[in-house]
Amino acid sequence: MASIVSPKKEYEAIIKSRGSGSKNENSGSGITREEYKSMTFTQMVINEAVRPANIVPGIFKKVINEGTIYVDFARYTIPANWLIMVVPSITHLSHHIYNDPLKFNPRRWEGKELHIGSKTFMACGGGSRLCVGADFAKLAMAIFLFHLVTKYK
């Protein structure tokens with residue numbers, strides 16, 4: 001797969017593939033599913049935009065059985081029935097996980113899965129707590145960026 005230089009180049013390729021005039025029924029329509037799926041760089045921009053400004057401020061979990069966890073250098077025992085709060089933005093801004101985490105760099109997502117959460121990227125929750133509207137929100141952002149870049153100067 002060729003590297004995309006910018007979202008504008010990505011969108012120009014989509015417009016070019018549509019053809020021109022009334023020959024192509026998609027020339028003036030919205031974005032198709034295939035076009036959306038081809039917006040790799042746009043997905044990288046969206047992930048990078050939501051990474052520092054996390055949608056989920058915190059996730060509470062109740063400890064069922066007493067357990068021991070390891071955090072970097074320390075060992076902690078969490079008693080049963082305690083609540084712990086996971087704050088994804090701490091992970092998203094960690095120097096240990098992201099190189100230069102305060103810099104906006106969509107290219108950090110090259111070669112990574114862009115559509116699901118992981119232990120180091122939980123912008124819309126994760127696992128059974130994944131936001132049901134996460135994909136819809138990413139679609140809305142992609143459509144907005146497409147029109148912003150292609151229609152405004």
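The values are calculated or read from the model by the stated rules, or taken from the named source; none is laboratory data. If you're wondering where the values come from, they're calculated on a predicted model, not measured in any experiment. Neighbour counts run over all protein chains shown; Cβ positions are idealised from the backbone, glycine included. With ligands, DNA and RNA removed, areas are computed over all heavy atoms of the protein, side chains included. Shrake-Rupley method; radii C 1.70, N 1.55, O 1.52, S 1.80 Å.
So between ALA137 and LYS62, what do we pick up on full extension, going 0.36 nm a residue minus the alpha carbon distance? All intermediate terms of the calculation are to be shown ahead of the outcome.
Working: separation 75, 0.36 × 75 = 27.00 nm, distance 2.86 nm.
Contour length minus Cα-Cα distance gives 24.1 nm.
Can you tell me which lysines have their Cα less than 29 Å from the Cα of LYS61? Leave out same-chain residues fewer than eight positions away.
Cα-Cα hits under 29 Å: LYS112, LYS119, LYS138.
Expected output is a single nm value to one decimal: the length gained when fully extending between GLU113 and LEU93, i.e. 0.36 nm times separation in residues minus the C-alpha distance. What is it?
Full-extension gain reported as 5.3 nm.
By how many nm would the segment from LYS16 to ARG129 lengthen if fully extended, with 0.36 nm per residue of separation less the alpha-carbon distance?
Values: separation 113, 0.36 × 113 = 40.68 nm, distance 3.94 nm.
So the chain would gain 36.7 nm between LYS16 and ARG129.
Using a cut-off of 23 Å between alpha-carbon atoms, which lysines can reach LYS16, once sequence neighbours fewer than 8 places away in the same chain are excluded?
Within the straight-line cut-off, LYS16 pairs with LYS8, LYS37, LYS151, LYS153.
Find, among the chymotrypsin sites (Phe, Trp or Tyr not before Pro) in the range 104-153, those assigned to loop by DSSP (not H, G, I, E, B) with at most 16 other beta-carbon atoms within 10 angstrom.
On the way: sites: PHE104, TRP109, PHE121, PHE136, PHE144, PHE146, TYR152; in loops: PHE104, PHE121, TYR152.
Those satisfying the criteria are PHE104, TYR152.
If I ignore ligands, DNA and RNA and count only protein heavy atoms, how much of VAL50 is accessible to a 1.4 Å probe, in Å² to the nearest 10?
VAL50 exposes around 20 Å² with every protein chain in place.
In units of 2.2 N^0.38 Å, what is the alpha-carbon radius of gyration of the range 32-151?
Values: Rg = 16.9 Å, N = 120, 2.2 N^0.38 = 13.6 Å.
Taking N as the residue count of the range 32-151, the ratio is 1.25.
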